[in-house]
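Worksheet: one structure, shown below.
The values are calculated or read from the model by the stated rules, or taken from the named source; none is laboratory data. Worth saying up front: this structure is predicted, and the values here are computed from it rather than measured. Here the Cβ positions follow ideal geometry from the backbone for every residue, glycine too, while neighbour counts run over all protein chains shown. What goes into the accessible areas is simple: the full protein's heavy atoms, side chains included, and nothing from ligands, DNA or RNA. Shrake-Rupley method; radii C 1.70, N 1.55, O 1.52, S 1.80 Å.
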Amino acid sequence: MAGHSEKEIKELIKKMTLEEKCGLLSGADYWHTKTVERLGIPHIMVSDGPHGLRKQNLEKEGSSANESIKAICFPAACATASSFDRSVLQKLGDTLAKECQQQDVSTILGPAVNIKRSPLCGRNFEYISEDPYLAGELAASYINSVQAHHVGTSIKHFALNNQEYRRLTASSNCDERTMREIYLTAFEKAVKQSQPATIMHSYNLINHSYTGESKWLLTDVLRTEWGYKGVVMSDWGAVNDRVKGLIAGEDLEMPSSRGINDKKVLEAIKKNPELEKHLDETCERLLRWIYSYVDNREPGEFDFAKHHDIARELEEESIVLLKNEGVLPLKNNGTIAVIGEFANKPRIQGGGSSHINTSTVVSPLTAFKNAGIAFEYAQGYCIDKTEQEDAELVKQAVALAQNSSAVVFFAGLPDSYESEGYDRTHLNLPPVQNKLIDQIAKVNGTVIIVLQNGSPVLMPWAKKVRAIVEAYLGGEAVGEAVVNVLTGKVNPSGKLAETFPLRLEDTPAYLSFSKNKHDVDYGEGIFVGYRYYDSRNMDVAYPFGYGLSYTTFEYSDISVSKNSFSDDDAITVSVSIKNTGAVAGKEVVQMYIQDKTETAIRPVKELKGFEKVLLAPGQAKTVTFTVNKRSLAWYNTDIHQWYAASGEYDILIGASSRDIRLEKQITFTTHVNLLQEITPNTTAGDLMADERTKDIIKAFLDKNQQQNKEADSAEKEAITDKMNEEMLDSTPLRALHMMGFNLAEEDFTQLMANLKEAIK
C-alpha cells in the first residue's frame, strides 16, 4: 500500500469540518482512535505494554477494558534493565512489534522510563533505572526495534511521575537543573535517538501546572528544543482542561471523553478562531501517526513457543548474582531442598496496566524436574499470608532443610506489596519469609536465596546465607531461566540498575516521598540513587551496576585517543577486558565521569557509557566509549544550556559504581562564557575567572587599592590573606570599597563600560 504523503495528509485536513477535526482529539473508546468515515480516515488500536501485549479481548462479548487476550509475558523492566544490554531490549522490541502487527495493534504503550527516585514507588517494577543515561539508552534501543516494524511506541510518563500516591493531583516540585539532569534526560535521549511515535504525558502537575497543560514541557522543551515530531497523548484520564491542553501541545485524549471535551474545544475555537491553527497542527500529527501504521501493515508473527523461548533468553541475560560463597553453580551430588511457595507459584510480573494474561508459566519446580535434577520440595509459607506463619508448613520446611545438603529458598514480594496505584510503605519481605529463612539457616549451612521482586528489599539474613540470586519479575519463563543459572548452564551476567540500600531511612527521598497530599518536593535534587550514596560514601547492601559471575575479569590498558578536547570535539576511550576464569561469561564494562573542576555541585561520578561483552576463557577484547561535551556537562540554569567547565575530568572504568578498576584524566576546554551580563552586583571573582574580563578587573584593582600602612600583627591574625582572597571572590563591584578599594564615581563608570564592552 502506498504511504500517505505530507501533502495528502494536509489535503485531508483541509477537507475536514471543524467538528470532524475536534472529534479526532479523543479516543473512540478505551483503546481506539476515531474514524472519519466520510473521508475514509481509519481508526487504529493501541495496547498496554511494555513487556507483553495486553490487548483487549474484542472477540469476547461483553469483555471489560481490562480483559486481555492470551499473550507472552516477557520479563518486566526491572529485570531487563539489569541486563545492561541494548541488544536485549532490541530483541524484546522486535518480538513485541511482530506480535502487534499480527494482532493489528498500532502502538504499544511503553517503555516506561520514570526515574526510580525512591525504592518505595509502587510502579518501579516497570521502570528501568535510577540512572537517566541507562534508562534513555535502553529505551531508545527498545523504541527503534519496535518502530522498525512500523508499530508505534508511547514512551511514558512525561514527566516526574515518580510515585503512585495522589498521582492524579499531586504537584512534583522540582528545580530545572534537577529536571534536566535526572528526570527529563531519558526522554530526551529517546526522542533524539529514536523519535517515538507517541509520548504519554503523566497525570501529575509539575511546579503546580498539569503536565498536559504545560507549554514549556510539551512545546518549548519537547518539540522546539528536542525536535520531537510525534503525538503527545494523555495518560488514561489525565486530562484536566482540554482547551489549555490543545494550546500547550496535547494531541490526543485517552480514553474517550464521550465527546464532552471535543465539544469544549469546538466552542472555544468558535469564540477564538486563532485556536484552529493548534487544532490543524494536532490533526496533522495524529494522521501522520495513524497512516504510518495503516500504510505499512505486515503479517507479523505470534509464535507462542518461539516467543516463550525468547522470554527465557531475556531473563537469563538479566538475572543478577548478588552473593556466591562457592556454592553456585549447584553440584548435583547431594540432596537439594527446594523451599518456598514462590518455587511453585512464581511471581512473574507486577500488577496494574502492564499485567499480561499468560497461560504458559514455567515454575522453578517444573524447571527442576525438566532438567532432571533430584530435589525435594516443601512449601514453607503461604504467599498470601504474609504475617501469620503456618506452623506445620514451617516444621516440614525446617525438617527438610536439616536433612539436605543444600537449600534453594524462593522468596519474594506478593502482589499486594507492590503495584500500580499505590506505593510501598517499607522495604521488607513478608515477615513469615524472613523468619523462615533465619530458621533454615540455623540448620543448614548451604542456603541459596532466589528473589522474585520488582524493587529492592532488605535482607537481614544476607550474612547467614551462602548465595543470593536476584531474579526480579522474570516473565513466564522465569523458572527455566533461574534453574539454568543455578546449575551453571547459563553464567549470570546481570548488573543492578538500582541501588539496594541497607535501610529505608538511608534513601535520598526518605523525608519527602509520599508524605504530602498536594506537594511532592524533590529536595534531594540531583542526588538520586548512587549519585547520593556514592557522594556520601554511604554503605549500601549492593551498589548500582553490581553483579557477580561464575568467572573473573581483568581490566587493563586504558587509553584515550587524545588527552584534551573542546566543545565540538570528542575523544575515544579504550580499555581491555580479559576473561581470567575457566568458563565463558559476559561482563558489563561501565564508564563513569568525575568532574574535577569544582565549578558546580555535582555527584562524585555519573554513568556515561556501558557495554556488555562476551568472552571465552582466556579471551580478551577491547571495549571503546565515546566522550563528548555532553558526557561532561551539567545543566546551567543561568545560561539555559548544558555546560562543561574548562578543566580536568577523570574517566573511571569499573564493574560497578563502587568497583572502579581503571582511571584516566583528561582535559576539556570550553569556549562558552558563563558571564552573560555585567551589573554592579557582578562579583570580582566571576570577573577574574573570565578570560575576557580578567585583565580589566585586575588592572583596576591594582590601580585603585588603598595604600594602607602595614597592618600590625594582631590585624594580620584577624584578617588573613586567604580571608581577603575569599572575600574578594564573592564581593560585588558595588561593594569593593568594603575591601579597601577607592571607588571614584567616574572610574567606576568607566570600569563598567570597559567590562560590558569586553563581553559583547
With a 1.4 angstrom probe the carbon and sulfur portion of accessible area for the chain, in percent, totals 47
In a shell of Cβ-Cβ distance under 13 Å around TYR381, excluding TYR381 itself, what net charge do Lys and Arg (+1) and Asp and Glu (-1) give?
-> -3
Calculated FRET value between LEU743 and HIS640, using beta carbons and R₀ = 25 Å, to 0.05 | 0.15
How would you order 408-414, 726-732 from highest to lowest mean count of nearby Cβ atoms within 10 Å?
-> 408-414, 726-732
Net charge near ARG536, counting Lys/Arg +1 and Asp/Glu -1 over other residues with Cβ under 12 Å of its Cβ?
-> -3
At GLU505 and ALA689, where each label point lies 7 Å from the Cα along Cα→Cβ, what is the point-to-point distance in nanometres?
-> 3.7
Fully extended contour minus Cα-Cα distance, from VAL672 to GLU648, at 0.36 nm per residue | 7.0 nm
Rounded to the nearest 10 Å², the 1.4 Å probe accessible area of THR446 is 30
For the pair ALA616 and THR572, what calculated FRET efficiency results from E = 1/(1 + (r/R0)^6), where r is the Cβ-Cβ distance and R0 = 25 Å, to the nearest 0.05?
-> 0.50
With +1 at each Lys and Arg Cβ and -1 at each Asp and Glu Cβ, the charge dipole magnitude of region 362-405 around its Cα centre, to the nearest 20 debye, comes out at 240
R0 = 30 Å: FRET efficiency of LYS7 with GLU267, Cβ-based, nearest 0.05?
-> 0.45
Read phi for every residue in region 679-695 and hand back ³J(HN,Hα) as whole Hz from Karplus 6.51 cos²θ - 1.76 cosθ + 1.60, θ = phi - 60°, with x for Gly and Pro.
-> 9, x, 8, 5, 7, 4, x, 5, 5, 5, 7, 9, 4, 6, 10, 4, 5
So the pair-distance distribution of the chain, from every Cα-Cα distance in 10 Å bins, comes to percents of 3, 13, 21, 22, 18, 12, 7, 3, 1, 0
SER730 versus ARG630, label points 7 Å from Cα toward the beta carbon: distance in nm?
-> 3.6
Accessible solvent surface per residue of region 462-589, calculated while the other protein chains remain in place, 1.4 angstrom probe, Å² | 37
Quote the accessible area belonging to TRP236 in square angstrom, nearest 10, computed with a 1.4 Å probe and with ligands, DNA and RNA left uncounted.
-> 30
Charge dipole magnitude, Cβ of K and R +1, D and E -1 - region 594-680, Cα centre, debye nearest 20 = 440
Quick one: Karplus J couplings for region 638-643, per residue in order, coefficients 6.51, -1.76, 1.60, θ = phi - 60°, nearest Hz, x for Gly and Pro?
-> 6, 9, 6, 7, 6, 9
Which order do peptides 197-208, 567-578 fall in by mean Cβ count within 10 Å, highest first?
-> 197-208, 567-578
Go through region 626-633 residue by residue and turn each phi into a ³J(HN,Hα) via Karplus (6.51, -1.76, 1.60, θ = phi - 60°); whole Hz please, and just put x for glycine and proline.
-> 10, 10, 10, 4, 5, 4, 9, 8
Sorted by chain and then number, the residues having a modelled amide H within less than 5 Å of the amide H of GLY581, at least 5 places away or on another chain, are THR552, GLY618
How about region 301-377: which GluC sites (Glu not before Pro) there are in a DSSP loop, with at most 16 other Cβ atoms within 10 Å of their Cβ?
-> GLU301, GLU325
Using a 1.4 Å probe, how large is the accessible area of ARG630, given in Å² and rounded to the nearest 10?
-> 80
